[in-house]
Amino acid sequence: MLQLKNVDVSYGSFKALTDISLNVEKGELVVLLGANGAGKSTLFNAISGLVKPGAGEILFEGKNVSGLTPPKIVSGGLVQCPEGRELFPQLSVGQNLMMGAYVHRRDKQGNRERLKYVYDMFPILEEKKDDPAGSLSGGQQQMVAIGRALMGRPRLLLLDEPSLGLAPLIVKQMFANIKEINRQGTTVLLAEQNAFAALKIASRAYVMENGQMVMEGDRETMLGNEEVRRAYIGA
């Protein structure tokens, strides 16, 4: 479904990504592990069209998307939920969610159905739909960010550090929601520093260091790898 072939990204003279290749099959939940600064967000921004690769190919459902604008990529079914949520704090929860449906704005019936799907996934958001997004707790704001991405009707959802700054109990709930989104048919590529929680719901994982892909394997292989456990799980 998603295939990266030898992708490079540079910011001026600084090479942020070097020779990145990865593959995500339809229906999978794949985790991208790496410390802060490893290049995960840059990789997601390249996939989403926010930065242009200097070399390589990014294929989504067999089509090269590396030259497309972000709105074209979103309307094609590839949607990113960014690190840090990036909500509009003064706007209501409902207004923030509808921002995610902008590329589908002419399909009002489809958007109503999609909004119901989001509220079914995150019932607290329906209760707070008229509240300013900035007044919500961190966990609820992350639900809004994921819900906004879901309003874009992704076939592939990129989730960038959704557990960042959240309490352990909220993290557990968040990962249960992500697993359910995947179970209901959305393919997920999840960038995370919380390796243990992410690997519990993922089928496969990649590890990034210093802008390069250094390891890949299935969940059991990664959980059993001493280097991965020492670096990312702390055991």
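Restricting to segment 41-66, name every residue that is of a type in the set (Gly, Ala, Ser) and in contact (Cβ under 8 Å) with a residue 12 or more places away in the chain. If you could, list the steps in order and put the result at the bottom.
Our first condition is that a residue be of a type in the set (Gly, Ala, Ser); within segment 41-66, this holds for 41, 46, 48-49, 54-56, 62, 66.
Across segment 41-66, the qualifying residues are 41, 46, 48, 49, 54, 55, 56, 66.
Within the set of pairs 6 or more residues apart or between chains, which connect a residue that is more than 11 Å from residue 16 (Cβ to Cβ) and in contact (Cβ under 8 Å) with a residue 24 or more places away in the chain inside segment 199-213 to a residue that is crowded, with 22+ Cβ neighbours inside 10 Å and hydroxyl-bearing (Ser, Thr, Tyr) with Cβ atoms less than 6 Å apart?
Taking only residues 6 or more apart or on different chains, the pairs are 213/206.
Being of a type in the set (A, V, I, L, M) and in contact with a Leu (Cβ under 9 Å, 6 or more places away or on another chain) is the filter here, so list the residues in segment 17-37 that pass it.
First, pick out the residues of segment 17-37 that are of a type in the set (A, V, I, L, M): 17, 20, 22, 24, 29-33, 35.
Correct list: 17, 20, 22, 24, 29, 30, 31, 32, 33.
Being within 27 Å of residue 118 (Cα to Cα) and of a type in the set (Ser, Thr, Tyr) narrows it down to one residue among 66, 92; which is it? Walk me through how you get there before you give the answer.
Numbers: 66 fails: within 27 Å of residue 118 (Cα to Cα).
Residue meeting the stated conditions: 92.
Looking at segment 105-138, which of its residues are buried (at least 20 other Cβ atoms within 10 Å of the Cβ) and not charged (D, E, K, R)?
Selection gives 115, 118, 122, 125, 133, 136.
In the list 194, 182, 210, which residue meets the criterion of being surrounded by 17 or more Cβ atoms within 10 Å (Cβ to Cβ), assigned by TED's automatic domain parsing to the domain that holds residue 32 and more than 14 Å from residue 81 (Cβ to Cβ)?
Details: 182 fails: more than 14 Å from residue 81 (Cβ to Cβ); 210 fails: surrounded by 17 or more Cβ atoms within 10 Å (Cβ to Cβ).
Going through 194, 182, 210 in turn, just one is surrounded by 17 or more Cβ atoms within 10 Å (Cβ to Cβ), assigned by TED's automatic domain parsing to the domain that holds residue 32 and more than 14 Å from residue 81 (Cβ to Cβ): 194.
Which of (1) more than 28 Å from residue 53 (Cα to Cα); (2) modelled with pLDDT of 95 or more; (3) of a type in the set (S, T, N, Q) is the odd one out, the single condition residue 225 does not satisfy?
Status for residue 225: all satisfied but (2).
Among the helices (runs of 4 or more DSSP H) confined wholly to segment 1-104, which include 2 or more residues that are touching a strand residue (DSSP E or B) at 6+ places or on another chain (Cβ under 9 Å) and surrounded by 19 or more Cβ atoms within 10 Å (Cβ to Cβ)? It would help to see each step written out before you state the result.
Working: elements: 40-47, 70-75, 93-99.
Correct list: 40-47, 70-75.
The values are calculated or read from the model by the stated rules, or taken from the named source; none is laboratory data. From a predicted model like this one, the values you see are computed outputs, not experimental measurements. When we count neighbours, we look across all protein chains shown, and the Cβ atoms used for this are built from the backbone with ideal geometry, even at glycine.
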